[in-house]
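A quick write-up on the structure given underneath.
Each value in this text was obtained by applying a stated rule to the coordinates, not by laboratory testing. The structure presented is a predicted model; accordingly, all values stated were derived computationally and were not measured. Using ideal geometry, Cβ is built from the backbone for each residue, glycine included, and neighbour counts are taken over all protein chains shown.
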Amino acid sequence: MDYQAVLARIAEDVAPQVGSGRPAEYIPALAAVDPHRFGMAIADVDGKVYGIGDWQRPFSAQSITKVFALALALAQGGDSLWDRVGREPSGNPFNSLVQLEHENGIPRNPFINAGALVVTDRLQTLTGDASSELLEFLRQESANPELAFDAEVAESESAHGDRNAALAHFMASYGNITNPVPTLLDHYFWQCAIEMSCADLALAARFLARHGLRADDSRLLTRSEAKQVNAVMLTCGTYDAAGEFAYRVGLPGKSGVGGGIVAVVPGRCTLGVWSPGLDERGNSVAGVAALERFTTLTGLSVF
Ligand code: DON
């Protein structure tokens, strides 16, 4: 497969959509990003990377980090995590509170904010420093020791973090948060504020295309766990747009409000795409379009 030629064609096809949508505004530091950026990278299972546009430019990974936090929490703490968080699509916005009261403080899935807070709480208990553990893991997998937190984004989110604080306190009232809420929120905000490029993301997600094997060939997840994480990405990774994303793209994918999306073709490759303009559900407009073009042009999808 000539991935470089495919990327050139995708960039041409999605150019009219780059700049559509709006950057996230509820985190002021993200609202300032130029919406006309577009980059895309493909990493094959052997670690060769192809890219186009702004594919090496770091941006705020935001909710994409939820995939990596989930993988680490499962790898280090096992299946008991699933007693505290479900695996069903929520059909609600990523920061919604509404289901929690009827469902005893158990979030629907690990990719909405409530579920990710439970996962980070678990990782904090397991490691004592969830956000640093995650950053170190991402540095190793992407072979980029310069990956870092963006302090401005973390502080901006913390200053406007009432919704996440409400989610965390509400779940704590059901006994589903075990660390002090302020500690948990700090780690969650710093986790979301990790800066990565499309290339970093595609490389870091490679264990999901390699059935659980890390970049150094050690095992992070069992084959079965890797399948499970990919399945939850497919059904829940783009929130209340997961059905539409599966329909258009046909791959497990995880979006972030920084405008990035990571997607996985099991056994073949991983993709990182970035364009900051978001649709009303918080997913990158040009990013989803680019992934749709990829699966249509190449026939590489899980279906
Ligand atoms: O907690 C938040 O709201 C953000 N740090 C992350 C949300 C996010 O990326 C949702 N993704 N589309």
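Extent along the principal axes, Cα only, for the chain: 53, 40, 36 Å, with the longest axis given first. Just to be sure I understand: with springs between alpha-carbon atoms less than 10 Å apart, which residue in LYS254, LYS66, LYS48 has the highest mean-square fluctuation in the Gaussian network model of the chain? Top of the fluctuation ranking is LYS48.
For segment 93-161 versus segment 42-61, the spacing of their alpha-carbon centroids is 23 Å.
Local charge for ASP34 was computed over the other residues whose Cβ lies under 13 Å away, with Lys and Arg +1 and Asp and Glu -1, and equals +2. Considering all different alpha carbon pairs of segment 173-303, the Kirkwood hydrodynamic radius works out to 15.6 Å. Compared with the dominant Cα axis of the chain, that is its longest principal axis, helix 285-298 is turned about 50°.
Against the main long axis of the alpha-carbon atoms of the chain, helix 113-127 sits at an angle near 80°. Starting from a Cα-only point model with no solvent, please compute log10 I(q)/I(0) by Debye for segment 113-185 at q = 0.15, 0.18, 0.24, 0.28 1/Å. For segment 113-185, the Cα-only Debye profile gives -0.56, -0.77, -1.13, -1.26.
Against the main long axis of the alpha-carbon atoms of the chain, helix 65-77 sits at an angle near 60°.
Derived value for segment 24-72: Kirkwood hydrodynamic radius 13.0 Å. Basis is the mean of 1/r over every pair of different alpha-carbon atoms.
Ordering LEU201, LEU7, TYR188 by Cα displacement along the dipole of the chain toward the positive end leaves LEU7 in first place; charges were set at the Cβ atoms of Lys, Arg (+1) and Asp, Glu (-1). As a rough footprinting exposure proxy, the listed residues ASP13, ASP129 were ranked by other beta carbons within 10 Å of their own, and the order from fewest upward is ASP129, ASP13.
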